[in-house]
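Peer 1: This is the structure, below, for whatever I ask next.
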Amino acid sequence: MKKTTFLRATLAAVVGLALQGAAQAADYPSRPVELVVPAAATGASDLSARVFAKYAEKLLGKPVVVVRINGEGGYKGSRSVHEDPSKGYRVLYTHQGLVANYLTRMAPYSYDGFKIGPSVVEDATLGLYVSGKSGITSIGDLLARARAKPGKLKAATEYGTISHFMFLKLQKEQDVTFRLMDTGGDAARLAALIGGTVDVMAKVYSGTQEYLQSGDFVLLGEPTGTRAPNAPHVPTYREQGVDFTFPPYLWTLFFSQNTPQAVVDTWTGIAREVTANPAYRKEIEALGMAWTYRSPEESTAAYADTQKAWAALAAGTAAVARQ
């Protein structure tokens, strides 16, 4: 009898929580929603998030406020959502940096520490840049110089981020060694290369056009199997005879585990509609990026593949010097 009473009480509690979650989702959103960007202002994450937020709030019916929480390679911002009790009023807008943070032990969780939503932007242009004064004009030139001077060429990166793992993969597959310098985010890497304190940096195409036009920088190619849609004039490394590829950035929405599934579903519908909007696509392309739509299931599979591939590189993560 006691067992039956306990089971009934447990079932009632589960049903009650489900109904409570459904009620909260039905009322969602009742106030503005924060879209957390774990990166600095004016970078690719910040700029694309602002575009997405502008179109999303028209469909959501409430303001979508972009909040930048930078620091610790993105972990500071992701933690603010991971620990958020608001059940969907703080949404994380980020990429595979979650995986990099986890594999370098900067964060105790990876992508699967969240409820995973849809992806709305991608960028396959994480290229290698050198100074226009370096005399290096191709990926082949860079690798040749790196082999001639093992560990001497300084590479600007940020510990525990995607660019860090790109250099780890390049070193392993091409049998070269750079002196990896933890210079910080996009703005810091740009300054380091302009100032001559590093020899090479990894960065997406967005935000580099003026440096390329002035001749300050030389872009050595893009790491995709085919040319990126947002930089079709830039040759791939494979086209230059170097068999090296790297997956594109994939900007995705993430939610704390306490978020009702109905709220995640709401954002999935919004993302699908926003990414189908020609005006949104045009604005994302104007940033030098590419629009996309990947369902939560497709996004989850992409992150799982990335984590499996990068896990083998994690043993080399200690080889980063502080600038």
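Derivation of every value follows stated rules applied to the coordinates shown; laboratory data play no part. None of the values given here were measured: they were computed from a predicted structure. Positions of Cβ are generated from backbone atoms using ideal geometry, with glycine treated the same way; all protein chains shown enter the neighbour counts.
Peer 1: Considering only Cα-Cα distances, which of the following residue pairs are longer than 30 Å: Lys133/Lys203; Lys76/Lys149; Lys282/Lys308?
Peer 2: With Cα atoms farther than 30 Å apart: Lys76/Lys149; Lys282/Lys308.
Peer 1: Work out the FRET efficiency for Ala148 and Glu239 from their Cβ-Cβ distance, taking R0 = 22 Å, and round it to the nearest 0.05.
Peer 2: It comes to 0.40.
Peer 1: Rounded to the nearest 10 degrees, what's the angle between the helix 296-311 long axis and the longest principal axis of the chain, both from Cα atoms, 0 to 90?
Peer 2: Relative to the chain, helix 296-311 is tipped by roughly 50 degrees.
Peer 1: In nm, what is the difference between 0.36 nm times the number of residues separating Ala187 and Tyr109 and their Cα-Cα distance?
Peer 2: 25.4 nm
Peer 1: Going toward the positive end of the dipole of the chain, with +1 on Lys and Arg Cβ and -1 on Asp and Glu Cβ, which of Gln209, Gln307, Val274 do you reach last?
Peer 2: Gln307
Peer 1: Something else about it: Determine the relative contact order of the stretch 30-129: mean sequence separation of Cα pairs under 8 Å and six or more apart, normalised by residue count, in whole percent.
Peer 2: Relative contact order for the stretch 30-129 comes out at 30 percent.
Peer 1: Is the shape of the stretch 127-246 best called rounded, prolate or oblate, per the rule: a/c under 1.5 gives rounded, else a/b larger than b/c gives prolate, else oblate, with a ≥ b ≥ c the square roots of the Cα gyration tensor eigenvalues?
Peer 2: Because its axes are fairly even, with a/c under 1.5, the stretch 127-246 counts as rounded.
Peer 1: Please list, or write none, the aspartates and glutamates whose alpha carbon is within less than 15 Å of the alpha carbon of Lys172, excluding same-chain residues fewer than 8 places away.
Peer 2: Counting by Cα, and skipping residues close in sequence, Lys172 has these aspartates and glutamates nearby: Asp243.
Peer 1: For the stretch 203-209, take each phi angle, set θ = phi - 60°, evaluate the Karplus expression 6.51 cos²θ - 1.76 cosθ + 1.60, and give the result in whole Hz per residue in order, putting x for glycine and proline.
Peer 2: Once θ is set to phi - 60°, the couplings for the stretch 203-209 become 7, 6, 5, 4, x, 10, 4 Hz.
Peer 1: Putting +1 on Lys and Arg Cβ atoms and -1 on Asp and Glu Cβ atoms, find which of Val33, Gln257, Val130 reaches farthest to the positive end of the dipole of the chain.
Peer 2: Sorting the options by dipole projection puts first Gln257.
Peer 1: Still on this model: Taking the simple approach of a point 7 Å from Cα along Cα-to-Cβ for both Asn277 and Glu72, what is their distance in nm?
Peer 2: With each label placed 7 Å out from Cα toward Cβ, I get 3.3 nm.
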